[in-house]
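This report concerns only the one structure given below.
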There are 4 protein chains.
Amino acid sequence: MLGYIASKMPPGRPFNSAHTAAARTAAIDLLEEQGYAAITMEAVAERTGISKQALYRRWKHKRHLVVDAFAEKADLLPDLPDTGTLQGDLQAFLRATFSMLRGTCGMTNRVLFTEALQDPEFLLEFRERHLIRRRRQVSALLQRAADRGECDLPADDTLVDLVLGPVWYRLLLQNAPLDEATADKFAKYFCHLVCSVEPT
Amino acid sequence: MLGYIASKMPPGRPFNSAHTAAARTAAIDLLEEQGYAAITMEAVAERTGISKQALYRRWKHKRHLVVDAFAEKADLLPDLPDTGTLQGDLQAFLRATFSMLRGTCGMTNRVLFTEALQDPEFLLEFRERHLIRRRRQVSALLQRAADRGECDLPADDTLVDLVLGPVWYRLLLQNAPLDEATADKFAKYFCHLVCSVEPT
Amino acid sequence: MLGYIASKMPPGRPFNSAHTAAARTAAIDLLEEQGYAAITMEAVAERTGISKQALYRRWKHKRHLVVDAFAEKADLLPDLPDTGTLQGDLQAFLRATFSMLRGTCGMTNRVLFTEALQDPEFLLEFRERHLIRRRRQVSALLQRAADRGECDLPADDTLVDLVLGPVWYRLLLQNAPLDEATADKFAKYFCHLVCSVEPT
Amino acid sequence: MLGYIASKMPPGRPFNSAHTAAARTAAIDLLEEQGYAAITMEAVAERTGISKQALYRRWKHKRHLVVDAFAEKADLLPDLPDTGTLQGDLQAFLRATFSMLRGTCGMTNRVLFTEALQDPEFLLEFRERHLIRRRRQVSALLQRAADRGECDLPADDTLVDLVLGPVWYRLLLQNAPLDEATADKFAKYFCHLVCSVEPT
DNA sequence: GGGTAATCGAGACGGTACGTCTCGTCTTCCT
DNA sequence: AGGAAGACGAGACGTACCGTCTCGATTACCC
């Protein structure tokens with residue numbers, strides 16, 4: 001049973017995975033150093049020494065590279081410690097989330113969002129592959145509270161929108177900080193809100 | 001004393017205001033017909049018969065034209081009838097808002113948001129000139145409820161973020177409809193949320 | 001009666017004719033310095049400081065530029081002094097032609113021929129715009145002799161092919177020099193040949 | 001003593017000779033179907049199912065493949081029946097030659113010529129390996145006439161150039177057909193020409 | 001039958017040029 | 001003067017083909 005690991009290897013010379021990583025890194029670095037408009041296939045190629053053709057072999061379009069480069073970083077998710085109460089859970093989740101969004105992850109998510117708004121196809125993918133994971137965390141958190149009898153859950157995902165909407169709103173508009181105090185305040189408000197839900 | 005009425009008029013031939021309007025319309029039409037990427041100075045020039053130079057005389061950059069073109073349409077705001085209760089007010093506001101966002105105004109706002117995410121300078125302007133007007137409506141609504149004694153208000157704008165965040169979240173991600181049922185549900189939830197606020 | 005020369009000028013900024021000339025020159029220089037493969041739109045652009053777009057505005061494809069650049073040089077034609085005899089005329093024509101083909105004009109013609117062999121469309125143009133001029137010279141020369149009663153002319157252009165064929169053959173294959181002695185020899189032979197023609 | 005025929009066989013897996021033939025055929029087919037520019041290593045590889053590497057193992061460069069593919073077909077030479085007179089010989093030779101050049105052989109020779117014009121090294125080879133054979137035929141033909149006393153021969157190959165020049169001229173430029181009538185006319189003219197030659 | 005040496009298909013790789021596009025500016029003539 | 005027409009420099013886009021290299025798998029001879 002030795003060969004069966006390698007048996008799935010496709011024919012032909014494999015991608016140089018160092019290149020794949022280098023290109024992703026370059027895209028991220030370009031954003032941080034010179035801003036969104038500096039993310040350019042040409043620049044990535046020059047900076048990494050990878051030929052343009054090699055880039056286009058991996059990623060069909062510029063957008064694909066950008067998305068892929070930032071996807072990884074965007075997907076950092078907090079742990080979901082069970083604090084025993086909904087408010088405790090929410091507070092822990094929001095504190096951790098805000099903390100990440102204050103760092104590179106925040107910028108990264110803004111980039112992905114920017115791309116998503118310009119490409120309907122990617123918007124779908126962005127929702128289904130990335131955003132959904134955070135939504136599921138919130139769902140799980142609420143479900144746990146419902147199981148404890150702390151609240152009822154509506155049939156749809158409305159509550160999740162209510163929790164995450166303000167987070168994205170602040171992240172994208174940068175109109176107010178995403179600090180711990182805000183996390184705690186949001187947690188408290190959501191807790192009241194959620195607990196007031198009646199079955200539909 | 002002939003000249004003093006026109007004395008503020010700049011020297012030289014004045015702009016043809018029909019052109020200004022035509023360019024704005026063309027930008028909007030291009031978006032609707034072929035999508036965001038089709039909004040091009042070149043395309044606007046061709047479609048309107050206005051020379052590129054004339055466009056650049058009015059708007060310094062492409063973004064300026066886009067912003068200007070969509071600003072008008074984006075700023076439609078609902079009336080704020082006083083229904084006597086916070087939930088009634090919220091429901092009326094959200095129903096009206098959702099109704100507008102389902103139309104051209106929604107798409108328009110998505111475009112402006114897209115531009116804002118790509119241009120920090122414009123983001124500021126977008127927030128201070130456009131978004132703030134809707135925020136003020138929500139503030140006014142909440143203030144009215146506070147005056148009635150229905151709720152307390154925190155020192156900052158947190159509540160406004162909580163109300164508008166989910167709206168923008170849905171508008172931008174298009175993950176769920178902005179229909180009347182949702183408006184009502186949102187209104188109910190917010191009402192509970194807001195009324196649970198304690199002074200800070 | 002002032003404006004009628006310029007009255008046909010098209011609207012808009014006119015081409016910078018210095019650029020047009022510079023590009024043509026650059027193409028020729030590149031050939032001479034580094035060979036045919038060095039004639040590159042990119043290289044022409046860099047060397048002249050003209051943007052690629054400006055080049056493509058004038059010449060639809062690279063081939064068009066090449067053709068145009070070399071057409072001028074390729075089209076140098078000898079005078080046709082009337083020496084009074086066919087052999088004298090032929091000798092003068094061939095000496096002058098060989099002389100030119102030994103210089104830049106020869107290389108230029110080889111380049112154009114190379115292009116023509118690779119592009120049927122251009123072959124046609126090459127024949128009708130360039131080659132035909134030299135053919136007409138030979139025709140004129142022969143016609144003059146016929147008018148003098150030195151020879152008859154066949155209905156078609158066979159004789160022209162017989163005169164110019166060997167010239168091109170030597171130019172392209174470079175199997176033998178195009179010197180004065182050869183010119184004289186060719187002239188003598190052709191004279192005999194032509195004078196032996198009987199009406200068809 | 002079985003092995004001594006194969007004893008020169010190099011170690012390792014031998015070339016698949018079917019592939020060698022297939023590639024040659026593909027090159028020819030590509031020319032016929034889509035023209036000269038379509039002859040591409042990539043296209044040959046795809047069309048034959050042979051990997052590019054396998055092609056480059058056989059032929060060092062694209063030109064080598066092209067030349068090799070077309071060389072075979074280009075070398076068809078007519079028989080040289082002795083008709084007893086120079087004109088008869090010339091006529092037979094030209095008729096046969098034209099006949100071949102009207103077919104694949106003509107196209108093939110145009111391709112080789114095209115390559116030769118782009119590669120001085122190959123030009124030499126083309127002349128010495130291919131063109132020379134036809135030149136020798138003409139030489140032989142003239143020698144025969146000289147032996148018969150029909151004409152004198154100059155010291156150099158001028159006469160051969162005069163005979164073959166127009167043929168190539170017409171083949172390459174495709175300005176006039178290579179039909180039997182032309183062959184006959186050429187033969188008659190050449191005969192007069194050749195017979196007028198005086199020793200130099 | 002195992003070792004050696006070359007082939008094979010598949011396909012990634014760097015390089016280089018292609019021809020296109022949009023941006024924002026500049027230059028011409030016309031009204 | 002304004003305005004249309006459109007050339008201009010800059011520079012990214014995505015594609016094509018070149019000739020090379022890297023995989024694992026497959027023949028062939030030889031010992």
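Looking at the range D:150-160, can you tell me whether even one residue there is modelled with pLDDT under 90, buried (at least 21 other Cβ atoms within 10 Å of the Cβ) and away from chain C (no Cβ under 12 Å)?
No - not one qualifying residue is present in the range D:150-160.
If you check D:LEU153 against the conditions, is it in the same structural domain as D:GLY103 (by TED's automatic domain parsing) and touching a Phe, Trp or Tyr at 6+ places or on another chain (Cβ under 7 Å)?
no
Can we say B:LYS73 is basic (Lys, Arg) and near DNA strand F (Cβ under 10 Å from one of its atoms)?
Considered against the rule, which asks whether it is basic (Lys, Arg) and near DNA strand F (Cβ under 10 Å from one of its atoms), B:LYS73 comes out as no.
State whether the residues of the range A:94-117 include one that is open to solvent by 10 Å² or more (accessible area, probe 1.4 Å), within 14 Å of chain B (Cβ to nearest Cβ) and free of Cβ contacts under 8 Å to residues at least 24 places away in the same chain.
Yes, some residue in the range A:94-117 is open to solvent by 10 Å² or more (accessible area, probe 1.4 Å), within 14 Å of chain B (Cβ to nearest Cβ) and free of Cβ contacts under 8 Å to residues at least 24 places away in the same chain.
Just checking, how many residues over the range C:41-67 are under 20 Å from C:PHE113 (Cβ atoms), away from DNA strand F (no atom under 11 Å from the Cβ) and not in a helix (DSSP H, G or I)?
Our first condition is that a residue be under 20 Å from C:PHE113 (Cβ atoms); within the range C:41-67, this holds for C:59, C:61-67.
Filter once more, keeping what is away from DNA strand F (no atom under 11 Å from the Cβ): C:61-67.
Retained after the next criterion (residues that are not in a helix (DSSP H, G or I)): C:61.
Result for the range C:41-67: 1.
What do you reckon, is D:LYS8 over 30 Å from D:LEU141 (Cα atoms), at pLDDT 90 or above and of a type outside the set (Phe, Trp, Tyr)?
Here the answer is no, as D:LYS8 does not meet what is asked.
Please determine, by comparing only the residues of the range D:168-177 that are part of a helix (DSSP H, G or I) and at the interface with chain C (Cβ under 7 Å from one of its Cβ atoms), which one is nearest to C:LEU124 (Cα to Cα).
Result: D:LEU173.
Mind telling me which of the residues A:LYS62, A:LYS52 ends up being on the phi < 0 side of the Ramachandran plot and touching an Asp or Glu at 6+ places or on another chain (Cβ under 9 Å)?
A:LYS52
Answer yes if at least one residue in the range A:155-176 is farther than 23 Å from A:ASP75 by Cβ and touching a residue at least 60 places away in the same chain (Cβ under 8 Å), and no otherwise. Show your work before the answer.
Initially, the range A:155-176 is screened for residues farther than 23 Å from A:ASP75 by Cβ, giving A:155-156, A:158, A:175-176.
Narrowing the set further to residues that are touching a residue at least 60 places away in the same chain (Cβ under 8 Å) leaves none.
No, the range A:155-176 has no match at all.
Inside the range B:126-140, can you point out the residues that are over 11 Å from B:ASP157 (Cα atoms), in contact with a helix residue (DSSP H, G or I) (Cβ under 7 Å, 6 or more places away or on another chain) and either outside the structural domain of B:THR108 (by TED's automatic domain parsing) or surrounded by fewer than 17 Cβ atoms within 10 Å (Cβ to Cβ) (or both)?
Result: B:ARG127, single match.
Regarding the range D:1-10, can at least one residue be identified that is within 19 Å of the chain's Cα centre (by Cα) and either under 27 Å from C:GLU121 (Cα atoms) or part of a helix (DSSP H, G or I) (or both)?
no
I'm trying to understand the selection: among the residues of the range A:36-63, which are within 12 Å of DNA strand E (Cβ to nearest atom) and among the polar types (S, T, N, Q)?
Across the range A:36-63, the qualifying residues are A:THR48, A:SER51, A:GLN53.
Which numbered condition in (1) open to solvent by 10 Å² or more (accessible area, probe 1.4 Å); (2) in a helix (DSSP H, G or I) is the only one that B:ALA145 fails?
Here B:ALA145 clears every test but (1).
Before we move on, is D:LEU112 closer than 26 Å to D:LEU142 by Cβ and part of a helix (DSSP H, G or I)?
Yes.
Among residues belonging to the range A:64-93 that are in contact (Cβ under 8 Å) with a residue 24 or more places away in the chain and within 16 Å of DNA strand E (Cβ to nearest atom), point out the one that is farthest from the other protein chains (Cβ to nearest Cβ).
For the range A:64-93, the residue satisfying everything is A:ASP68.
The values are calculated or read from the model by the stated rules, or taken from the named source; none is laboratory data. Being a predicted model, the structure only gives us computed values, none of them experimental. We place every Cβ from the backbone using ideal geometry, glycine too, and count neighbours over all the protein chains shown. Remember, those area values only see protein heavy atoms, side chains included, never the ligands or the DNA or RNA. Shrake-Rupley method; radii C 1.70, N 1.55, O 1.52, S 1.80 Å.
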